[in-house]
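A.B. asks: Below is the structure I would like to discuss, written out as structure tokens.
Every number in this text was worked out from the coordinates using simple rules, so none of it is lab data. All values reported here derive from a predicted model rather than from experimental measurement. Backbone-built Cβ (ideal geometry, glycine too); neighbour counts: all protein chains shown.
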Amino acid sequence: MKAIINAKIYDFNNFIENGYVIFDDKIIEVGNMTNFNRDDIEIIDCKNSIVMPGLVNGHTHILPEISKELSIWNELKNKGCYYNGLMFGIECIKNGVTTIIDHSGEECNSLGTLNELKKAICDSLSLRGIFSFSTSEDLNIDNCIKENIDFLANSSENCTGLFGLNSSMNLSDETLKKIESYKNHAPIHIHIAETIDDVADCMSKYEKRIIERLNDLDLLTDNSLLAHCVYVSDREAQLLNEKNIYVAVTPTSNMNKGLASFNYSMFEKYNIPCIIGTDGLSANITRDFSNLVYTMRSKYNNSDSFTLNDLVKVIKNNYEYANKILNIKIGKIEKNYKSDLIIIPYKEIVPLDEENILNYIFYEVFDSFSPKDVICDGKFLMKDYKVLYENEKLYEEPLKVRS
């Protein structure tokens, strides 16, 4: 059992100006320092620091971005997936991310990919992960189905799966019907209408839009995750609401690819919960937090069109989605929530209070985000900016495997 003391505590819900957190794997007690009287447990003095919940990356690709510069590891197949996972996971820790929602697979094209990512992210680094294998007709469909189904069979509070699909363009009706017959009502994780070509392909082949097509094939399972959704009609948005679907937005990746922005006001109109991810571009989720605000204000030509409270709603949706899929409680610094915490140094430029804490977090902390300590499930993963994993293994072990 440990106690964080003398900390400013903020969890997007409540702010404590000078508080403490007693925790092991779960939070045991939270309060003001005036009420702290323990001297029988390990003390972590967080004076001049802000304590927040660990962050969630709501949609990413562990393999593509890392693999671009590591061709030597691509030769290692599944073992390469493991080491790629380690590298990406370490970057997540440095960026305060303690839960990763991943959509990978086509780069490894091998059975066992998800287990290798799980070994890296969850077993070796002690992060939480929600993994899916991107099923595509460019690969062996039976192997893709087996990879997803086998992984879904084993879940815990730090690791589980979704049924991964690539995109509508890469999946025929015959394949989707086969998937539906095997997936046993598991939520899907799929790219939807990222480009207008995706929509045009679906209209040309099936004379319906993508979400309508998935609905007709009974694939819109409760709590499914649809990434991008840039080109979505009102009818499709209504279906997403009716089916309790989440949409993952990736503003920085959209800008990087020169894509149009998603229609957040439509998602709000139909009460569709949005979560946010990096789309594999990096592990830096706070950059996407910032870019979400700026791109929406630019899209609607109004600085009031997307407020910081709107951003908080999206961040909370990340926690809500992870909680539903993992069947845990993260995202609040309250009793009985999991001890996924980050500690960020704070230079007192202005006194912080309930009125200005969110503005300070957004304009100052997120703009140059650099957590000092990262804790997941009560365990320190990074201390004094040092990741507590032997990084040299990342370079030594792949060479041994290759030889």
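A.B. asks: How high is the relative contact order of the chain? Use alpha-carbon pairs under 8 Å, at least six apart in sequence, and give a whole percent.
C.D. replies: 20 percent
A.B. asks: A follow-up question, please. Given the -39500 (n - 2.57) contribution per DSSP H run of 4+ residues, what per-residue ellipticity at 222 nm results for the chain, rounded to the nearest 500 deg cm²/dmol?
C.D. replies: Computed ellipticity for the chain at 222 nm equals -10500 deg cm²/dmol.
A.B. asks: Oh, and also: Which residue, chosen from S298, G378, I43, occupies the Cα position most advanced towards the positive end of the dipole of the chain, where the dipole is computed from +1 (Lys, Arg) and -1 (Asp, Glu) charges on Cβ about the Cα centre?
C.D. replies: I43
A.B. asks: Sticking with this structure for a sec: Tell me, what is the percent relative contact order of the range 93-179, built from C-alpha pairs under 8 Å that lie six or more residues apart?
C.D. replies: Relative contact order of the range 93-179: 29 percent.
A.B. asks: Just to be sure I understand: with springs between alpha-carbon atoms less than 10 Å apart, which residue in D234, D39, D24 has the highest mean-square fluctuation in the Gaussian network model of the chain?
C.D. replies: D39
A.B. asks: Quick one: work out the % antiparallel among DSSP beta bridges in the range 55-326, nearest 5.
C.D. replies: Percent antiparallel among DSSP bridges in the range 55-326 is about 5.
A.B. asks: Go through A227, N166, I93 and say which Cα lies farthest out towards the positive end of the charge dipole of the chain; charges sit on Cβ, +1 for Lys and Arg, -1 for Asp and Glu.
C.D. replies: Result: I93.
A.B. asks: Can you tell me the convex hull volume per residue for the range 55-326, based on C-alpha atoms, in Å³ to the nearest whole number?
C.D. replies: 114 Å³
A.B. asks: Mind checking which of S282, S124, N244 is farthest towards the positive end of the chain's charge dipole, using Cβ charges of +1 (Lys, Arg) and -1 (Asp, Glu) about the Cα centre?
C.D. replies: S124
A.B. asks: Among the listed pairs K335/K379; K208/K269; K208/K257; K47/K383; K94/K386, which are separated by more than 20 Å between their Cα atoms?
C.D. replies: The pairs that break the limit, which is 20 Å between Cα atoms, are K208/K269; K208/K257.
A.B. asks: If packing is taken as the average count of other Cβ atoms within 10 Å, what order do 80-91, 266-277 fall into, highest mean first?
C.D. replies: Sorting 80-91, 266-277 by mean packing, highest first, produces 80-91, 266-277.
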